[in-house]
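Okay, structure first, notes after.
The values are calculated or read from the model by the stated rules, or taken from the named source; none is laboratory data. This is a predicted model, so every value here is computed, not measured. Every residue, glycine as well, gets a Cβ built from its backbone with ideal geometry; the counts of neighbours run over all protein chains shown. The accessibility values were calculated without ligands, DNA or RNA, using every heavy atom of the protein model including side chains. Shrake-Rupley method; radii C 1.70, N 1.55, O 1.52, S 1.80 Å.
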Amino acid sequence: MTYATLADLIARAGADEVGQVADRDMDGTPDPDVIAAALVHADNTVNGYAAARYQLPFDPVPDLVRTWAVAVARHHLHRHVPPENVVADYRDALAALRDLARGAIRLTDAAGAEATGDAGAVGFAGPEPRAGRTLRGYL
């Protein structure tokens, strides 16, 4: 299962654009292998950033993850010179993924709950330190 699908790509880019960039054998339909490769590339890109904070793969896929995966796959499909709007979507997705990796963005599901647990979170529990006030001025 990939984070985005051909239908997601078509919803964002339109059937004409997807047909133009993914029909490598020129038979009039997007090549399934080309689409699959772009979607796997997008998953790998998303996972590379998300692995810093989340357990993977995402299931169910948060809407933001799907949006980022579509932007990355679409950019990947435009092999040569992607249009500026495709480049802008791709750059926005990468910037958001960097924010996700550093914790500035948190993923939630439709109900507002966190999408998945933190993969690398460490928690500490215990009594309050007693030395805080007594060492004032010595540190």
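Key figures for this structure:
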{"quantity": "Histogram of C-alpha separations across the range 14-75, 5 Å bin width, %", "calculated": "4, 18, 25, 22, 13, 10, 6, 2, 0"}
{"quantity": "Accessible area of residue 10 in the full protein assembly, 1.4 Å probe (Å², nearest 10)", "calculated": "60"}
{"quantity": "Solvent exposure ordering (accessible area, 1.4 Å, most first) of 17, 114, 84", "calculated": "84, 114, 17"}
{"quantity": "Around residue 93: net Lys/Arg minus Asp/Glu count, Cβ-Cβ under 12 Å", "calculated": "+2"}
